[in-house]
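Asker: Handing you a structure now.
The values are calculated or read from the model by the stated rules, or taken from the named source; none is laboratory data. No experiment lies behind these values; they were computed from the predicted model shown. Every residue, glycine among them, receives a Cβ derived from its backbone with ideal geometry; neighbour counts consider all protein chains shown.
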Amino acid sequence: MMDYATFARFYDQIMGDRTEEIARIEAYLDRHLPDASTLLELGCGTGAILAGLAGRFAVTGIDRSPEMLEVAARRLPGIPLVQADITRFQLGTRFDAVICVFDTLNHLPTFEQWLALFGRAREHLTDGGLFVFDVNTTGRMRRLHSSDRYVEDFGPNVFSMRVEPFDGDVSLWTTTIFESTGDGTYRQHQERILELAVPLAQIRRALAADFDLLDQAGYDGELPDDDSDRAFFAYRRRPG
Ligand SMILES: C[S@@+](CC[C@H](N)C(=O)[O-])C[C@H]1O[C@@H](n2cnc3c(N)ncnc32)[C@H](O)[C@@H]1O
């Protein structure tokens, strides 16, 4: 199932700006690695986050979706953007910071793939480099399963989203876009995306061998647990 092919064209309009996410990443860097100068985003999508960080860091983005990268390339001329699987890439260079945000990690539907991504993050970080990521929690996924379909207008178009149980801890997100054709009719586009949720303790255990946990928070700065909506983490790569 290849995701974001259709969604790419509408993505930024629906998701809005990323001021909050960018500020959060910058705050982690200010606090833990103020001299950082290079940054790699895993799953950079349309480059909305990178655009907010490119003035301060030499940034690089990786994504597997050519459609998302096409939008990113228009937004970020001259910035290195690589089409690759974020669990299996080798850039041959290291960065002060690696980020994987806006629930991109959840898009990897098996925990083995999460472990592979943690390995790629480690390989591409300098000693003492910062790994910043966020996840949708198991609690949030459970709540979304019993929520009504989410519907929102954007411009003349309509966006709708439904989250259902799929297989074990994997959920199926179905997004439907009704694109106004301007003559009172709508063209329908649909995209299905799988998301895996993993208990936070399992994530912390997986990272403990190679990284030191520096920060963890829910949306409002509270200590996150599996019932938080989202959990944010900053880890330092241990030298060696
Ligand atoms: C929720 S979007 C986030 C995009 C961007 N980080 C942002 O904040 O706007 C998730 C992105 O991850 C990408 N993605 C998902 N699985 C991937 C994989 N295995 N390898 C590379 N990119 C992947 C998708 O193509 C999509 O662009």
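Asker: Of everything in region 196-233, what is out of contact with any Leu (no Cβ under 9 Å at 6 or more places or on another chain), of a type outside the set (Gly, Ala, Ser) and free of Cβ contacts under 8 Å to residues at least 40 places away in the same chain? Give them in sequence order.
Answerer: Arg205, Asp212, Tyr219, Asp220, Glu222, Leu223
Asker: Take Arg56 and decide whether it is exposed (fewer than 14 other Cβ atoms within 10 Å of the Cβ), under 16 Å from Ala121 (Cα atoms) and in contact with a helix residue (DSSP H, G or I) (Cβ under 9 Å, 6 or more places away or on another chain).
Answerer: So Arg56 does not fit the description; no.
Asker: Quick one: Ser160 ticks every box in (1) surrounded by fewer than 20 Cβ atoms within 10 Å (Cβ to Cβ); (2) under 19 Å from the mean Cα position of the chain (by Cα) bar one, so which box is it?
Answerer: Tallying (1) surrounded by fewer than 20 Cβ atoms within 10 Å (Cβ to Cβ); (2) under 19 Å from the mean Cα position of the chain (by Cα), Ser160 fails exactly one: (2).
Asker: When you look at Asp167, is it charged (D, E, K, R), under 16 Å from Asn106 (Cα atoms) and without any contact (Cβ under 8 Å) to a residue 12 or more places away in the chain, yes or no?
Answerer: So Asp167 fits the description; yes.
Asker: Checking the structure you have, find out if any residue of region 25-36 is within 12 Å of the ligand (Cβ to nearest atom) and surrounded by fewer than 17 Cβ atoms within 10 Å (Cβ to Cβ).
Answerer: no
Asker: Is it the case that Arg88 is modelled with pLDDT of 95 or more, at negative phi and out of contact with any Lys or Arg (no Cβ under 9 Å at 6 or more places or on another chain)? Working first, answer last.
Answerer: Values: modelled with pLDDT of 95 or more: yes; at negative phi: yes; out of contact with any Lys or Arg (no Cβ under 9 Å at 6 or more places or on another chain): no.
For Arg88, the condition - modelled with pLDDT of 95 or more, at negative phi and out of contact with any Lys or Arg (no Cβ under 9 Å at 6 or more places or on another chain) - is not met.
Asker: In region 212-233, which residue that is among the charged types (D, E, K, R) and part of a strand (DSSP E or B) is nearest to Gly139 (Cα to Cα)?
Answerer: Once the filter is applied, the top-ranked residue is Arg230.
Asker: Restricting the first residue to region 93-109 and requiring it to be over 18 Å from Arg192 (Cβ atoms), which pairs with a second residue that is of a type in the set (Gly, Ala, Ser) and in a strand (DSSP E or B) meet a Cβ separation below 8 Å and a spacing of at least six or different chains?
Answerer: Every condition considered, the pairs that remain are Arg94/Gly129; Phe95/Gly129; Asp96/Gly129; Ala97/Gly129; Val98/Gly129.
Asker: Identify the residue in region 165-197 that is of a type outside the set (Gly, Ala, Ser) and not in a strand (DSSP E or B) and, among all such residues, is nearest to Asp134 (Cα to Cα).
Answerer: Filtering region 165-197 for residues that are of a type outside the set (Gly, Ala, Ser) and not in a strand (DSSP E or B), the one nearest to Asp134 (Cα to Cα) comes out as Asp169.
Asker: Of everything in region 69-105, what is more than 25 Å from Gly55 (Cβ to Cβ) and touching a Leu at 6+ places or on another chain (Cβ under 6 Å)? Give them in sequence order.
Answerer: Thr87
Asker: Just to be sure I understand, how many residues within region 144-162 are closer than 11 Å to Ala197 by Cβ and without any contact (Cβ under 8 Å) to a residue 24 or more places away in the chain? Spell out how you get there, then give the answer.
Answerer: At the first step, the residues of region 144-162 found to be closer than 11 Å to Ala197 by Cβ are 144-145.
Right, trim to without any contact (Cβ under 8 Å) to a residue 24 or more places away in the chain and you get none.
Qualifying residue count for the region: 0.
Asker: Only one of (1) closer than 25 Å to Ile86 by Cβ; (2) in contact with a Gly (Cβ under 9 Å, 6 or more places away or on another chain); (3) in a loop (DSSP other than H, G, I, E, B) fails for Ala209. Which number is that?
Answerer: Checking Ala209 against (1) closer than 25 Å to Ile86 by Cβ; (2) in contact with a Gly (Cβ under 9 Å, 6 or more places away or on another chain); (3) in a loop (DSSP other than H, G, I, E, B), the one that fails is (2).
Asker: Turning to a different aspect of this structure: Hey, Val98 hits all of (1) assigned to a strand (DSSP E or B); (2) within 10 Å of the ligand (Cβ to nearest atom) but one; which does it fall short on?
Answerer: Result: Val98 passes all but (2).
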